[in-house]
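The values are calculated or read from the model by the stated rules, or taken from the named source; none is laboratory data. Because the structure is a prediction, the values reported are computed rather than measured. Heads up, the Cβs are rebuilt from the backbone with ideal geometry, glycines too, and the neighbour counts pull from every protein chain shown. What goes into the accessible areas is simple: the full protein's heavy atoms, side chains included, and nothing from ligands, DNA or RNA. Shrake-Rupley method; radii C 1.70, N 1.55, O 1.52, S 1.80 Å.
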Amino acid sequence: MSAPVHKQVRLAGAVIDRKRHVCAFFNSKEEGYRVLMPFIKEGFDQGDRALHFIDPRDRAEHLRRLEQAGIDVAEAERKDQLEIRPWEDAPLQQGHFDQHRQIALIERLLNSNRGGYPLTRLVGNMEWALEDKPGVSDMVEFESRVNNTLDKYDDAICCTYDVSRFSASVIMDALRVHPAVIIGGIYQENPFYVPPDEFLNELRERNASRNASSR
């Protein structure tokens, strides 16, 4: 059952509406924290729950950034208000990416352990898709397909991409599968968004054409 929208949610200078699956394009880690930390901090101030998927190598820095923003990390974790999952406990469980498993995990996390927190703010670093692991090439398909699940919730989901690390074709596809986008630090509804059924059909045709040409 969908959680009620209890208060305004601000992200990148805007009050965001029901389109809450957002891709955020940044040129550096510093830019990412500058744009997203007010959104994260507002969540704690409003009594929302925070769920972060991060590169395990960045855990110490991530905790430091949260503390610098005035968030009592230890207390938030004790109260289950903050959950930080390294990639191996989220998209890269068992050493590979399975999009259906990840969608099921996200739905389970959004449904369970709310502990009185009416809204979840999920921030996911998508650079796990650059790891040399089986299944990571399904990332864009997953990002499209997960919209069918996220449409059932009012929770705010922000997927972060470092544009200096992903190819232009992946960035373009990532743009097309999110209803909203942050570019240049500004949130906007995404005019390039393609609904899942349409995008997944296009992806099947693209893959079939690629397979045929490689024979």
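When the square roots of the Cα gyration tensor eigenvalues are ordered a ≥ b ≥ c, the ratio a/c for region 87-184 is 1.5 or more and a/b does not exceed b/c, which makes its shape oblate. Per-residue surface analysis assigns M172 an accessible area of about 100 Å², computed on protein heavy atoms at 1.4 Å probe radius. Close amide H contacts of V22 (hydrogens built in the peptide plane, cut-off under 5 Å, sequence separation of 5 or more or a different chain): I157, C158, C159.
Once you have the Cα-Cα distance between S112 and L130, take 0.36 nm times their residue separation minus that, and quote the gain in nm to one decimal.
Working: separation 18, 0.36 × 18 = 6.48 nm, distance 2.94 nm.
Result for the pair: 3.5 nm of gain on full extension.
Debye calculation, C-alpha points only, no solvent: report log10 I(q)/I(0) for the chain at q = 0.09, 0.11, 0.15 Å⁻¹, in the same order as the q values. So the normalised log intensities work out to -0.34, -0.51, -0.98.
With bins 10 Å wide beginning at 0, the percent of Cα pairs of region 156-215 falling in each bin runs 19, 44, 27, 8, 1. The Rg/Rh ratio for region 1-77 is 0.95, where Rg is the radius of gyration of the alpha carbons and Rh is the Kirkwood radius.
Between V163 and E202, full extension at 0.36 nm per residue minus the direct alpha carbon distance yields a gain of 11.7 nm. Between Q93 and D58, the C-beta separation translates, for a Förster distance of 25 Å, into a calculated FRET efficiency of about 0.85.
Give the lysines whose C-alpha is closer than 25 Å to that of K152, dropping any in the same chain fewer than 8 places away, or say none. Cross-link targets: K7, K19, K41. Rounded to the nearest 10 square angstrom, Y33 shows an accessible area of 40 square angstrom against a 1.4 Å probe. For the pair A69 and H100, the difference between a 0.36 nm per residue extended length and the Cα-Cα distance amounts to 7.7 nm.
Calculate how many DSSP beta bridges within region 100-215 are antiparallel, expressed in % of all such bridges and rounded to the nearest 5. Each step should come with its number before you reach the end.
Working: 4 of 9 bridges.
Of those bridges, close to 45 percent are antiparallel.
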